[in-house]
Amino acid sequence: MRKEINVFAPASVTNVSCGFDVMGFAIDGPGDELKLKISNKPGIFISKITGDNGKLPLQIEKNTAGTSLSALVKHLDFKKGIELEINKKMSLASGLGSSAASAVASVFALNEILGKPLTKEELLPFALEGEKLTCGGAPHADNVSASLFGGFIIVRSLNPLDVINIDVPDNLFCTIVHPDIEINTSDTRKILKKQILLSDAVQQWGNVAGLITGLFKKDYNLIGRSLQDVIVEPIRSILIPGFNETKKAAIDSGALGCSISGSGPSIFAFSSSKKIAENVGKKMRDVLSALEIESDLYISKINKKGPRVIS
């Protein structure tokens, strides 16, 4: 058995406009890098975390990577010790599944070094254990599933857990702009309505069905028409300065559609080519710059592989 492994787990875009808590996809970058070392010293230890500005805990029970790994170690009855080093190569509270990437990286790394005793489907419940920390209760599976499986996923059910991976057009590109502001995920959930109009729900269901059909049929026009969120985006967007102007700039520049990634503040847009996606990103950042908000830009196809070994 190998004594050490380095892995990368990708960030993810979730909700995808109309699919609150049930849709998501992985991107090529950013993401988390994690080193797992097997030792003779019993227990699990996080020896170092970089890229987090000292904000993340080293205690196993308070860290998403540690919590997920602990659950997997117990399930496998693994007796040796484990040391983790985590390199956060993405911003915290970005709306891009930072905590999920750490959780996925930890269980993926151990499974790889042990010769893949479990399938990715079998790893999913353990990765979700880490997400419970960030949710404060029942986890949502969209970020973890997208990062672990890669591709575009639909969470059909949490109990029983049922995640479906669907095909997407080869030339579908995603532009992601991450404004340099911080939004707490739990706060963005508290402001959501507990009840919605049936007419809004019907419109949302239609958009979900249209988006999935558009992806299957490789119908970019249908994809664009379906990227509409009448339930969550109107509420969460008020927490993101310049959101409406940024969205308009994206669509005016040729994007198929634009919305909030996860709980924000990151904003994503779909385009039908890399050239359009790059121009869309420039125009989106111009809006934020005019508001004196710095931002990071990522251009990516949908990452169909998910986590990978990097050494």
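Of the residues that make up the stretch 124-135, is at least one within 30 Å of residue 217 (Cα to Cα) and touching a strand residue (DSSP E or B) at 6+ places or on another chain (Cβ under 8 Å)? Within the stretch 124-135 (the criterion being within 30 Å of residue 217 (Cα to Cα) and touching a strand residue (DSSP E or B) at 6+ places or on another chain (Cβ under 8 Å)), the answer is yes, since at least one residue qualifies. Taken over the stretch 215-267, the criterion of being β-branched (Val, Ile, Thr), part of a helix (DSSP H, G or I) and either farther than 16 Å from residue 174 by Cα or out of contact with any strand residue (DSSP E or B) (no Cβ under 9 Å at 6 or more places or on another chain) (or both) is satisfied by 235, 238.
In the stretch 87-133, which residues are within 15 Å of residue 309 (Cβ to Cβ) and either at pLDDT below 95 or of a type in the set (Phe, Trp, Tyr) (or both)? Answer for the stretch 87-133, where residues must be within 15 Å of residue 309 (Cβ to Cβ) and either at pLDDT below 95 or of a type in the set (Phe, Trp, Tyr) (or both): just 108. Of all residue pairs spaced 6 or more apart or on separate chains, those with beta-carbon atoms under 6 Å, a first member in the stretch 33-52 that is on the phi < 0 side of the Ramachandran plot and a second member that is surrounded by fewer than 13 Cβ atoms within 10 Å (Cβ to Cβ) are 38/3. Each residue in the stretch 263-275 was checked for being open to solvent by 10 Å² or more (accessible area, probe 1.4 Å) and in contact (Cβ under 8 Å) with a residue 60 or more places away in the chain, and 4 pass. Only one of the numbered conditions (1) crowded, with 20+ Cβ neighbours inside 10 Å; (2) closer than 18 Å to residue 96 by Cβ; (3) among the charged types (D, E, K, R) is not met by residue 283, and that is (2).
Check whether at least one residue in the stretch 29-40 is over 17 Å from residue 307 (Cβ atoms) and among the acidic types (Asp, Glu), and report yes or no. Within the stretch 29-40, none of the residues are over 17 Å from residue 307 (Cβ atoms) and among the acidic types (Asp, Glu). For the stretch 62-105, the tally of residues that are of a type outside the set (Gly, Ala, Ser), assigned to a helix (DSSP H, G or I) and under 27 Å from residue 240 (Cα atoms) stands at 1. Number of residues in the stretch 168-180 that are surrounded by 11 or more Cβ atoms within 10 Å (Cβ to Cβ) and more than 18 Å from the chain's Cα centre (by Cα) equals 2. The condition (being touching a residue at least 40 places away in the same chain (Cβ under 8 Å) and touching a Ser or Thr at 6+ places or on another chain (Cβ under 7 Å)) is satisfied by just one residue among 278, 233, 245: 233.
The values are calculated or read from the model by the stated rules, or taken from the named source; none is laboratory data. Keep in mind that what you see is a predicted model, and the values were worked out from it rather than measured. As a convention, Cβ positions derive from the backbone with ideal geometry for all residues, glycine included, and neighbour counts pool all protein chains shown. Heads up: the accessible areas ignore ligands, DNA and RNA and are worked out on the full protein's heavy atoms, side chains in. Shrake-Rupley method; radii C 1.70, N 1.55, O 1.52, S 1.80 Å.
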